[in-house]
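Below is one structure; the comments refer to it alone.
The values are calculated or read from the model by the stated rules, or taken from the named source; none is laboratory data. Values in this document were obtained by computation on a predicted structure and should not be read as measured data. Here the Cβ positions follow ideal geometry from the backbone for every residue, glycine too, while neighbour counts run over all protein chains shown.
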């Protein structure tokens, strides 16, 4: 797939999603970066901002299987991974696939289910496979998990452990729409008739080709050094008790490559790293208790680090 084909295909997918999601270009870009990187995203925001609609629009645009699962306290790990069930008539134990046997899984309100069920996603998110009763099943490609959680309601929720958070490439916030965009949303939803479904603009094979094309984006050593400097600063920051892991550094590099590709470039610039750093790093940091009581946020620390760390000079050559 050449550069022109990649650019056109990404633009087609974005334009298609924008038919359903109004005024959220930056959020759509972050979702597309997850697609390019084969990474997962945690979408945190209040209800009613279009999180489910956004992910459904992505699934429709790339013609892939999609499963929305409402996470509740009674959800079992087997509902996610699948299970074997004995059939008395035949004496066999066939496998019944779980929700992860889809290209895109929307884990709605993931923090409303218990830690054991949350952990059932770990192997799937990291390795693209699940093991059930000693038998390993490969997940379809691409496989993406988009999890939502409400940052306001805490009653009856289970905070995601650090190991789980580290599996998410990005943490995304939808945010309220601008006034003109919200008026346009009202006009688009004035008719209570049947909502027209989105048509696919690319195939699953095309989506996989986009992921392969990402490997052709150049990330020179000076950019990698910049990423590592950012990671090292988080590890020795006095207000951070858990800094960025090597997995987080890889995530930042890949996300920066994805942003470069979305921008029509085959090379990463420092601005790509800077733009992606908050969404990649913030949810991976653990803030010291005293700093937390002073209303210090991970996003604020990341912003201060980016201002302090020297930016490398990088050209296309």
Test: residue in the stretch 72-86 that is touching a strand residue (DSSP E or B) at 6+ places or on another chain (Cβ under 8 Å) and either closer than 26 Å to residue 16 by Cα or not assigned by TED's automatic domain parsing to the domain that holds residue 45 (or both): no
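Of the residues 28, 55, only one is part of a helix (DSSP H, G or I), surrounded by 15 or more Cβ atoms within 10 Å (Cβ to Cβ), in the same structural domain as residue 121 (by TED's automatic domain parsing) and without any contact (Cβ under 8 Å) to a residue 40 or more places away in the chain; which?
Working: 55 fails: without any contact (Cβ under 8 Å) to a residue 40 or more places away in the chain.
Testing whether each residue is part of a helix (DSSP H, G or I), surrounded by 15 or more Cβ atoms within 10 Å (Cβ to Cβ), in the same structural domain as residue 121 (by TED's automatic domain parsing) and without any contact (Cβ under 8 Å) to a residue 40 or more places away in the chain leaves just 28.
If you go through the stretch 79-94, how many residues are without any contact (Cβ under 8 Å) to a residue 12 or more places away in the chain and outside any strand (DSSP E or B)?
The initial filter retains those residues of the stretch 79-94 that are without any contact (Cβ under 8 Å) to a residue 12 or more places away in the chain, namely 85-94.
Okay, now just the ones that are also outside any strand (DSSP E or B), so 85-86, 88-91, 93-94.
Residues that pass the stated criteria total 8.
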Looking at (1) closer than 19 Å to residue 175 by Cα; (2) assigned to a helix (DSSP H, G or I), which one does residue 46 not meet, given that it meets all the others? (2)
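Only one residue in 260, 231, 251, 279 is in contact with a helix residue (DSSP H, G or I) (Cβ under 9 Å, 6 or more places away or on another chain), at pLDDT 95 or above, assigned to a helix (DSSP H, G or I) and more than 19 Å from residue 39 (Cα to Cα). Which one?
Numbers: 260 fails: more than 19 Å from residue 39 (Cα to Cα); 251 fails: more than 19 Å from residue 39 (Cα to Cα); 279 fails: more than 19 Å from residue 39 (Cα to Cα).
Of 260, 231, 251, 279, the one residue that is in contact with a helix residue (DSSP H, G or I) (Cβ under 9 Å, 6 or more places away or on another chain), at pLDDT 95 or above, assigned to a helix (DSSP H, G or I) and more than 19 Å from residue 39 (Cα to Cα) is 231.
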Which number in (1) assigned to a loop (DSSP other than H, G, I, E, B); (2) over 27 Å from residue 32 (Cα atoms); (3) touching a helix residue (DSSP H, G or I) at 6+ places or on another chain (Cβ under 7 Å) marks the one condition that residue 296 misses? (3)
If we ask which residues in the stretch 95-115 are touching a helix residue (DSSP H, G or I) at 6+ places or on another chain (Cβ under 9 Å), within 15 Å of residue 75 (Cβ to Cβ) and not in a loop (DSSP other than H, G, I, E, B), their number turns out to be 7
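Here is a list: 238, 212. Which entry is part of a loop (DSSP other than H, G, I, E, B) and over 17 Å from residue 168 (Cα atoms)?
Values: 212 fails: part of a loop (DSSP other than H, G, I, E, B).
Exactly one residue qualifies, and that residue is 238.
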Return only the number of the condition from (1) assigned to a helix (DSSP H, G or I); (2) modelled with pLDDT of 90 or more that residue 69 does not satisfy. (1)
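Is it the case that some residue within the stretch 157-165 is closer than 30 Å to residue 12 by Cβ, at pLDDT 90 or above and in the same structural domain as residue 11 (by TED's automatic domain parsing)? Break it down stepwise before answering.
Here is the first cut: in the stretch 157-165, the residues closer than 30 Å to residue 12 by Cβ are none.
Checked the stretch 157-165: no residue is closer than 30 Å to residue 12 by Cβ, at pLDDT 90 or above and in the same structural domain as residue 11 (by TED's automatic domain parsing).
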Name every residue in the stretch 186-222 that is surrounded by 14 or more Cβ atoms within 10 Å (Cβ to Cβ) and either touching a strand residue (DSSP E or B) at 6+ places or on another chain (Cβ under 9 Å) or within 19 Å of residue 52 (Cα to Cα) (or both), in order of residue number. 198, 200, 217, 219, 220
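Being under 16 Å from residue 306 (Cα atoms) and either surrounded by fewer than 19 Cβ atoms within 10 Å (Cβ to Cβ) or in contact (Cβ under 8 Å) with a residue 40 or more places away in the chain (or both) is the filter here, so list the residues in the stretch 256-271 that pass it. So that I can check it myself, show each step before the final result.
Keep residues of the stretch 256-271 that are under 16 Å from residue 306 (Cα atoms), which gives 256, 269-271.
Answer for the stretch 256-271, where residues must be under 16 Å from residue 306 (Cα atoms) and either surrounded by fewer than 19 Cβ atoms within 10 Å (Cβ to Cβ) or in contact (Cβ under 8 Å) with a residue 40 or more places away in the chain (or both): 269, 270, 271.
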